[in-house]
Amino acid sequence: MPLLPLIALLACPGQNTLQMQACEAKNLERSDLILQKKMNGKDFAAWVDARKKICELAKQPLANGSIYGQLLIGCFNQMNESLITQFRSLADSPGDQLPSDSKMVHCVIQSESGHKYEGGCNFAQFGGNGSFNLRNEFIDSPLLPGIYSFSIQLDTARRPVMKYKRIFREGFDKEFVSPVVRSNDDSACWVTRGLSVCAY
């Protein structure tokens, strides 16, 4: 079976050493992509070299252990997350980054056009009121054609809304905001006109 479908089927954090290392590798790939967007190629290469030296030094006492590879990858990702935090701004929207307190969930997203995504999503809460952002577990992959993330914003002062940006083939993008309600049939699902978003 091709590698990508195997990774897509992986249930993180994994049940054995190989699965846990694969999950760490997925997290590292995501954080690397974020940093590559914020740094030029030369600076990113220097960062990768520095983090390798530091993590190898930190984990050297465990170099002969069976989980050494997993520990190294985990160290790389933790250093990435620390650096990503330094790039963050209060003006950033939650969809522009991978918060360190985010988690992986299973999501099902369907549109009335017939498009559907079912698989792993990165789930990040924000606002302190239950609002959350969903994006594909592979950060640069869309959830639906032209749509890379969805935000459900809850506010006791007004009706909850769903926000998402769609990038059209012509090269322009448009942000959509619409009222959303929790499904009566499935409390993990939020529904708006022509679109449902579920996170488990």
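The values are calculated or read from the model by the stated rules, or taken from the named source; none is laboratory data. Just so it is clear, the structure is predicted and the values come from calculations on it, not from any experiment. Note that we place each Cβ from the backbone using ideal geometry, even for glycine, and neighbour counts take in every protein chain shown.
Kindly indicate whether any position in the range 153-175 is surrounded by 14 or more Cβ atoms within 10 Å (Cβ to Cβ) and either outside any strand (DSSP E or B) or in contact with a Cys (Cβ under 7 Å, 6 or more places away or on another chain) (or both). Step through it out loud before you land on a result.
Our first condition is that a residue be surrounded by 14 or more Cβ atoms within 10 Å (Cβ to Cβ); within the range 153-175, this holds for 153-154, 160-167.
From the residues that got through so far, the ones that are either outside any strand (DSSP E or B) or in contact with a Cys (Cβ under 7 Å, 6 or more places away or on another chain) (or both) too are none.
No, the range 153-175 contains no residue that is surrounded by 14 or more Cβ atoms within 10 Å (Cβ to Cβ) and either outside any strand (DSSP E or B) or in contact with a Cys (Cβ under 7 Å, 6 or more places away or on another chain) (or both).
Can you report the number of residues in the range 168-184 which are closer than 16 Å to S131 by Cα and either touching a His at 6+ places or on another chain (Cβ under 7 Å) or of a type in the set (D, E, K, R) (or both)?
1
If N184 satisfies every condition in (1) at pLDDT 85 or above; (2) part of a strand (DSSP E or B); (3) over 26 Å from M39 (Cβ atoms) but one, which is the exception?
(2)
Would you pick out the residues in the range 94-152 that are among the hydroxyl-bearing types (S, T, Y) and either buried (at least 17 other Cβ atoms within 10 Å of the Cβ) or at pLDDT below 85 (or both)?
So the first thing to find is which residues in the range 94-152 are among the hydroxyl-bearing types (S, T, Y), and the list is 100, 102, 111, 113, 117, 131, 141, 148-149, 151.
Listed by number, the residues that qualify are S100, S102, S113, Y117, S131, S141, Y148, S149, S151.
Write out, first by first residue and then by second, each pair whose Cβ atoms fall under 7 Å of each other, whose residues are 6+ apart or on separate chains, and whose first residue, in the range 109-121, is closer than 14 Å to I147 by Cα while the second is not in a strand (DSSP E or B).
I109/L143; S111/G194; H115/P145; Y117/L143; C121/E137
Considering each residue of the range 47-93, count those that are aliphatic (A, V, I, L, M), modelled with pLDDT under 80 and exposed (fewer than 15 other Cβ atoms within 10 Å of the Cβ), and give that number. Steps first, answer last, please.
In the first step, residues of the range 47-93 are kept if they are aliphatic (A, V, I, L, M); the result is 48, 50, 54, 57-58, 62-63, 67, 71-73, 79, 83-84, 90-91.
Of the ones still in play, those that are also modelled with pLDDT under 80 are 84, 90-91.
Applying the additional criterion that residues be exposed (fewer than 15 other Cβ atoms within 10 Å of the Cβ) yields 90-91.
Qualifying residue count for the region: 2.
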